[in-house]
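Comments concern the structure below.
FYI, it's all coordinate maths here, none of it is from the lab. Bear in mind that the values here come from a model prediction, so they are computed numbers and not experimental data. Cβ sites come from the backbone with ideal geometry, for glycine too, and all protein chains shown count toward neighbours.
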Amino acid sequence: MPVLKSEASRSTCRGTPLGAGALILLCLAGRGLAQDAPDTLPEYVIKAGFLFNFAKYVDWPASAFPQADSPIQIGIVGKDPFGADLEKTLKNKTVKNRTFTVVHFAEPGDIRSCHMLFVSKSEKGRLPEILEQAGRWPVLTVGEDPDFARSGGATTILIEQEKPRLEVNPEAAEKAGLTISAKLLKAATIVKTGK
């Protein structure tokens, strides 16, 4: 299954290639905060915006949804670092005619089928177990530890010098049966498992 979608034109933002600036705009679009300066936003507001926008740039197999209008489920394993920010970001939002739900998993063994799984920094020591459990379904795994994508996770959201940076592991996404838009891949650093 291919990871890239063909794009007819090159993505640009204000005349520059889709990059760090566009990533900020992508995450802000989820909160309707594009008028605010990006460096004034809390870290988890930015990360919540990324989770919302991933739904626009990732396709799951049809079998991942029980019905045509089933919600996109975002799971959080371990300590929830978002507070109310994720629910506020997703409130009354739809992508591809789907709403969102958020589910929490205390332990890796609690993880059930969801569409995105956010793995917080608190779970670094249990990452192999989490990825093994998530590997049973078509799940976009999202982490925030610098080694997450190289360890087999699909995407990592990093905040470096107060700016977001995205890493994508296309091999992990393909293994999960997901298709990631070329627009998202152009905005990310591509990494491979173990490298």
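Summary of values
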quantity: Out of L131, L185, L140, sole residue that is surrounded by 15 or more Cβ atoms within 10 Å (Cβ to Cβ) and free of Cβ contacts under 8 Å to residues at least 24 places away in the same chain; calculated: L131
quantity: All positions within the range 82-100 that are of a type in the set (A, V, I, L, M, F, W, C) and not in a helix (DSSP H, G or I); calculated: F82, A84, V95, F100
quantity: Any hit, the range 161-168, residues being in contact with a helix residue (DSSP H, G or I) (Cβ under 7 Å, 6 or more places away or on another chain) and under 24 Å from Q67 (Cβ atoms); calculated: no
quantity: Near pairs, Cβ below 8 angstrom, 6+ apart or cross-chain, from the range 82-106 (at positive phi) to any residue that is surrounded by 12 or more Cβ atoms within 10 Å (Cβ to Cβ); calculated: G83/Y44; K96/A55; K96/K56
